[in-house]
Amino acid sequence: MKKVGNWDIMSVCVGIVMLGLHSCDRIEGNKVKRLDSVDMAQHKRDSLIIVQDSISKVDSLRKDSITKMEESITYHGAKDTTVLLTDSVSPRYIYLTFDDGPLNGSQYLDSIATAKDVRISAFLIGEHDKMSKKLHGYTERYKSNPLVDCYNHSFWHAHNKYSTFYADPQAAFEDFEHAEQSLGLEHKIVRLPGRNIWYVGDRKRIDLESGASTAELLHQNGYKIMGWDCEWKINGVTGKPDLTVNQLYTQIKNLLHKGTSYTKNNVVLLTHDNMYQTKKGQKLLSDLIDSLKQHPNYRFEFMRNYPN
Ligand SMILES: [Zn+2]
């Protein structure tokens, strides 16, 4: 009887969460503009204090009803025990990947990774690192955090003109090399701007043919190209997500249970640094991590450990 009550409460809560769609391209197209205003607005603030403040609030908010519901509905009934048993047969790997940093938001991701003790992967843009001392400082924070791995997301992000960028594979390849040197990256792992292309070991999957030649060239030169299995979009200003924590958590669980991710037992989540500027956004990520952590066999891994 208790269980029925919990499900009812959950339905209501899920229902009141509004979806805020925010396209990747729009965010990327406006990022420079937004950075300027964000820099000004945040000028007087000490990010470390804000981070500590937000993390402690996030932790206290953890005790809210949504979290309690998630905990109480998990694996208490006979049905759920079956799920748990099936689910704990083998380790399952989750890769939390964050694109387009360093940006305002990166500093909070760095702190959340530490607070939650989970490994995260950051796909960085060379241009952003050169934009300001503050942003370069975020890169440095990432690089000095053993829970954060830094990878290559190009130097110019194709100036957000993807077809033009990939029309010249050699120039595109050199742009990645430029980013690698400029950011001082130690891993030959890339994610192509605007393309969900996989090329790891002998396996590849191309979403758009434009980009395939660049991927080929990178692969020939020893790079691993990483796509993603699911994406989370959170409005960087309002903190509204396109999927609730529970919806995304269910999506990740289904990808693992059904074996429908690019590689079975491995799920790569794509999201963007600037979506975690707000405390709402930070709490969403924090809650997602807590939900996933309920599974003792889920491991948070770096993309460099993704199977070949
Ligand atoms: Zn990007």
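What follows is calculated from the coordinates using simple rules that are stated; it is not laboratory data. All of these numbers come straight from a predicted model, not from anything done at the bench. FYI the Cβ positions are ideal-geometry reconstructions off the backbone, even for glycines, and counts take in every protein chain you see.
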Q.
How many angstrom lie between the Cα centre of the stretch 91-158 and the Cα centre of the stretch 281-302?
A. 17
(Q) What value in Å³ per residue do you get for the convex hull of the alpha-carbon atoms in the stretch 96-165? (A) 73
Q: Please figure out what share of the DSSP beta bridges in the stretch 186-299 is antiparallel and state it in percent, rounded to the nearest 5.
A: 60
Q. Of Lys188/Lys280; Lys188/Lys240; Lys116/Lys264; Lys134/Lys233; Lys116/Lys280, which sit over 28 Å apart, Cα to Cα?
A. Lys188/Lys280; Lys188/Lys240
(Q) Suppose each label sits 7 Å from its Cα in the direction of the beta carbon; what would the Thr260-His159 distance come out to in nanometres? (A) 3.9
Q | Three principal axis lengths of the stretch 123-275 [C-alpha, angstrom, descending] | A | 40, 38, 30
